[in-house]
Amino acid sequence: MPEQDEVIAGRYRLVSLVGRGSMGVVWQARDERLDRVVAVKFIEAAVDSPDAVERIVREGRVAARLRHPHAISVHDVVEHGGKPCLVLEYLPSRSLQQLIAERGPLPEALVAAIGSQVASALAAAHAEGIVHRDVSSFNVLLAEDGTAKIADFGIARAVGEGTVSDPRAIVGTPAFLAPEVAAGEQATFASDVFSLGATLYAVLEGSPPFGTVDNPYALLRRVSSGEITPPRSTGPLAEVLLRILRRDAAQRPTMAEAHALLAAVAQGRPVPDATRAFGGTKLLPAPRRVRGRTIAMAAGAVALVAGGVLIGTALKDDEQASAQPSPSTSTTASTRGCDAHFEVINSWPGGYQAQVTVRNAGRRELADWTVTWSQPAGHSIGNLWDGTLTQDATSVTVTNAHYNAVLPAEGSTTFGFTANGSHPPRPEVTCTSGG
């Protein structure tokens, strides 16, 4: 058992035990080489076989591919006592499960804003071929400033990367599994969408959509049937969640579409196509509504930055106000063999979030790519993921990361960033490739 003040891998000094995850214990530690606070996750699962060790190493390799402001970053994979440990970003926070236990159901605006943030991170993961496989209220963290982050990609699997785990095992938190996963099918992007919906349902309603049962096998049978308890809430978020929680995986929105729906609710905008049918989701009889407890947090209000949108939520009085974003803008440019599409996907007073899609437009494999554009006066990129940034007062250059450098014919990848600036830009982008 690790002990306080113990030094791991010659650089990570343990400070205090902060919790337990699905696979082990987590310590707050100090990286003495870089002088920063980190989290060190010790794997308690059996890792005595080469296959098990490979699974943990793969966990670190897959998760480290993702750099997003709403996902816990993986910094390093090290060994201690012959077993691998993950070195993670440290975020002082509480899980949504802790908030539910302490306060009961949370207000719609707050839940939608949290969901929008988490969906943006999962959409970025899906764009890189990463399936989380354990989205739940235990793995969504909320910091004091309202920032939400998805944690524990420990059982994620990159599409196309062979699994070394037991195929008979059901991985994930049962109450939040998609019906097809509970029935024994492989987890997919659509399964993550369902699990996010189940997580937000639990935070909005106070319990998961399939309820809670002491017998895990009985719970799995209920989940696999797809029979959810209808939400007591009747607002736009409940409508969105019913669309996300469709029994048929093919009828669910993608994670990017779920992000757009949740952002619309969080920002007080009309939800697109809200009258669509629920795609075969079956509803159990509605339970009798129980008067919820009054929730007070930070003198009755929380300031929440939701994907760049500042939302003030008066929790005690259920009042809410949201800053409306500027209209999305996009531009597309191409050169021989390489296309780039620049799109502002979120904005708020003084800043915005953008996503750039790079596509191989040629008939041969593309090796390395670079996207450039002019930097508007007064603008500055503060956080970029899935690429390497170079910027000055007048120009921006983004080159590929090592893991998304090569694109097959017609293949594509994305990178994103948040930036400071008074007005979202419509830059003329240039895409070039190395071959």
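The values are calculated or read from the model by the stated rules, or taken from the named source; none is laboratory data. Source: prediction; values computed, not measured. Positions of Cβ are generated from backbone atoms using ideal geometry, with glycine treated the same way; all protein chains shown enter the neighbour counts.
Taking residues in the stretch 407-435 that are among the acidic types (D, E), and partners anywhere that are buried (at least 18 other Cβ atoms within 10 Å of the Cβ) and assigned to a strand (DSSP E or B), the pairs with Cβ atoms closer than 7 Å and at least 6 places apart or on different chains are E410/N360; E428/W373.
Scanning the stretch 373-419 for residues that are under 21 Å from V74 (Cα atoms), among the hydrophobic types (A, V, I, L, M, F, W, C) and under 21 Å from the mean Cα position of the chain (by Cα) yields L384, W385, A401, F415, F417. Pairs are defined by a Cβ separation below 6 Å, a sequence spacing of at least 6 or placement on different chains, a first member in the stretch 137-157 that is over 22 Å from L110 (Cα atoms), and a second member that is of a type in the set (D, E) and modelled with pLDDT under 90; the pairs so defined are G154/E59; I155/D134.
Taken over the stretch 241-259, residues that are touching a residue at least 60 places away in the same chain (Cβ under 8 Å) and either within 23 Å of R221 (Cα to Cα) or assigned to a helix (DSSP H, G or I) (or both) amount to 8. The number of residues in the stretch 358-394 that are buried (at least 16 other Cβ atoms within 10 Å of the Cβ) and not in a strand (DSSP E or B) comes to 7.
Selection of the stretch 204-225 for residues being crowded, with 17+ Cβ neighbours inside 10 Å, out of contact with any Phe, Trp or Tyr (no Cβ under 9 Å at 6 or more places or on another chain) and more than 19 Å from G115 (Cβ to Cβ) yields L220, S224. The single condition among (1) more than 12 Å from H80 (Cβ to Cβ); (2) in contact (Cβ under 8 Å) with a residue 12 or more places away in the chain that D35 does not meet is (2). From the list G211, G226, the one residue that fits, being touching a Pro at 6+ places or on another chain (Cβ under 7 Å), on the phi > 0 side of the Ramachandran plot and at pLDDT below 90, is G226. P92 meets the conditions (1) farther than 19 Å from H132 by Cα; (2) free of Cβ contacts under 8 Å to residues at least 24 places away in the same chain in every case but one. The failed one is (2).
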